[in-house]
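This report concerns only the one structure given below.
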Amino acid sequence: MKVTIIGTGYVGLTTALVLSYLNHDVSAVDKDINKLNLLQEGNCPIHEPYLQEFLDEVGYNIRFTLDIADVVPDSDLVLIAVGTPPKKSGEADTSHVETAAKEVAEVCHPDKHYTLVIKSTVPIGTNRRVAEVINDVFSQRQVKGDVSVASNPEFLQEGLALHGALYPDRIVVGANTENALNDLRRLYQPILEQTFDSPTLLPRPESYHLPPMMTTDPNSAEMIKYAANTFLALKISFINEIAGLCEEVRADVTEVARGIGLDSRIGHRFLRAGLGWGGSCYPKDTAALLGVATENDYEMPITEAARKVNFKQRKHIVDKLREVLKTLEGKTIGILGLSFKPNTDDVREAPSLDIIRQLVDEGAVVRAHDPVAIPNAKNAFSDHSIHFIPDVYQLPMNTDAIVLVTEWDLYHKLDLRRLAKLMKTPILIDGRNVYSPQDVINAGIHYIGIGR
Ligand SMILES: NC(=O)c1ccc[n+]([C@@H]2O[C@H](COP(=O)([O-])OP(=O)(O)OC[C@H]3O[C@@H](n4cnc5c(N)ncnc54)[C@H](O)[C@@H]3O)[C@@H](O)[C@H]2O)c1
């Protein structure tokens, strides 16, 4: 099928590459000329496992362009994957989605059928709003037009984006027309039936089952995305709340999580206590869901509490540091990990940023390491008192304490004795509970975890 994807960020680029791998005829549009230049030269603008390798393999088949008019008229399907950042009020800003839809309506052929698919995460009712935007343009153009709008929320996880796109748990489609449903079924057929040859780098997991395509109405599809992210966020916040009480009563939250996770109704995933969630989705999507609730005069105390617990974790870690060091003024703190999770360079709403800001405000000197996210973190700070250290074994130099913020694999395997020798005072706050406390203590380091 001929497909245009608007937006080449984490979602748009991954989708473009996977659809091209599945032999669709793909074009990708972005407004960011720097990103397009990189893509046209065959360079991946983001860090995501195997994305560069995929770009090398299929990127030359994709037309990357600045101009919607170049590619949309001949397409069968147009996928919108632009950002929906939070407004000051917390509500999602859908203006990029609406602009993209308007631009599509301005250039599409009046007599040809198109399915316009919203992959961006959008507040409930956006499908209807986008259909109105398109009809307004058609009225101005004095044409009837034939565009079906559908919702196809994206569930990819950064760090595992390609894996999630090739082997999803499910595909959700919200549409009111048979045309749209049929187009999306055709688009995803190779994934639904797993008829493609698995890439060598990303073999199909042995236990993988064919994913269902769940079809529903657009409002429910939009709600599914918000409800899924909010549920995952509150599962993490729940274990963090339990972790806080474990600290008071001298229980070990890692043992508690193991014990409750064995209940098949609960499961182990998303039950690791730590610094909480960040990134471009959970903070924004929980806020947007609350925005939708407020608009409808509806209270959501569980979602509110999940956010409250989450952001408290970031303060809690600084409290722990202050407690053990007596004061933060003039102290040097090492930060292991800047991205909001491992295997990505994304620092949007990352806990590291909040923690570093608090430390700097209290007069600490910060030394920070990350395997890939240093350039993005540098852009987030104008403050020159933060030292970004490219070599992880240089990080401990003169530090009064180190905080593990992001659980990169590299940090699991650190030579803790080597670390201890370089630190001024050997104190490690394990913000993700990745180490065995005994191993850290054996290396001569004072260990502080979360809820243990
Ligand atoms: N990142 C994730 O893990 C993830 C997962 C699921 C859903 N989502 C949702 O998907 C959407 C996209 O997220 P992302 O992380 O890929 O965003 P992103 O910020 O990485 O990328 C968005 C891209 O859209 C481009 N853009 C904006 N307006 C445009 C326009 N009118 N025409 C062409 N290009 C335009 C931007 O230049 C940018 O490159 C968001 O709604 C997000 O909530 C993201």
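How would you classify the chain from its alpha-carbon gyration tensor, with a ≥ b ≥ c the square roots of the eigenvalues: rounded for a/c under 1.5, else prolate if a/b is greater than b/c, otherwise oblate?
On the way: a/c = 1.98, a/b = 1.81, b/c = 1.09.
Judged from the Cα gyration tensor, the chain comes out prolate (a/c at least 1.5, a/b above b/c).
The long axis of helix 351-361 is offset from the longest Cα principal axis of the chain by roughly 50 degrees.
What number do you get for the stretch 282-448 when its Cα radius of gyration is normalised by 2.2 N^0.38 Å, N = residues?
Details: Rg = 17.0 Å, N = 167, 2.2 N^0.38 = 15.4 Å.
Normalised Rg, Cα atoms only: 1.10.
Of the accessible area of the chain, computed with a 1.4 Å probe over protein heavy atoms only, carbon and sulfur atoms account for 50 percent. For the chain, a crude dipole built from +1 on the beta carbon of Lys and Arg and -1 on the beta carbon of Asp and Glu, taken about the Cα centre, is about 1260 debye to the nearest 20. For the stretch 2-216, the relative contact order is 19 percent, taking Cα pairs closer than 8 Å that sit 6 or more residues apart in sequence and dividing their mean separation by the residue count. What does the charge count near Phe196 come to, summing +1 for each Lys or Arg and -1 for each Asp or Glu among other residues with Cβ under 15 Å from its Cβ? So the surrounding residues net to -1.
Using the heavy atoms of the protein chains and a 1.4 angstrom probe, tell me the accessible area per residue for the chain in square angstrom.
Numbers: 20660 Å² over 452 residues.
The answer is 46 Å² per residue.
Count Lys and Arg as plus one, Asp and Glu as minus one, and take only other residues whose Cβ is under 11 Å from that of Val405; the net charge is then -1. Take every pair of alpha-carbon atoms less than 8 Å apart whose residues are at least six positions apart; their mean separation over the length of the chain yields a relative contact order of 12 percent.
For the stretch 102-228, the dipole from Cβ point charges (+1 on Lys and Arg, -1 on Asp and Glu) about the Cα centre works out to 160 debye, to the nearest 20.
Loop-located GluC sites (Glu not before Pro) in the stretch 143-199 (DSSP state not H, G, I, E or B) with no more than 14 neighbouring Cβ atoms inside 10 Å: Glu193. Measure nothing fancy, just the Cα-based angle from helix 282-295's long axis to the longest principal axis of the chain, in degrees from 0 to 90, nearest 10. With rounding to tens, the tilt is 60 degrees. Estimated from helical segments only, the mean residue ellipticity of the chain at 222 nm is -13500 deg cm²/dmol, where each DSSP H run of four or more residues counts as -39500 (n - 2.57). Count the net charge of all other residues whose Cβ sits under 15 Å from the Cβ of Ser382, scoring Lys and Arg as +1 and Asp and Glu as -1. Once all neighbours under 15 Å are counted, the net charge is 0. When the stretch 2-216 is described by a simple charge dipole with +1 on each Lys and Arg Cβ and -1 on each Asp and Glu Cβ, the residue from Thr216, Ala69, Tyr10 located farthest towards its positive end is Thr216. For the peptides 399-405, 137-143, 422-428, the ranking by mean Cβ contacts within 10 Å, running from highest to lowest, is 399-405, 422-428, 137-143.
The values are calculated or read from the model by the stated rules, or taken from the named source; none is laboratory data. Source: prediction; values computed, not measured. Cβ: placed from backbone, ideal geometry, glycine included. Neighbour counts: every protein chain shown. Only protein heavy atoms, including side chains, enter the accessible area calculation; ligands, DNA and RNA are left aside. Shrake-Rupley method; radii C 1.70, N 1.55, O 1.52, S 1.80 Å.
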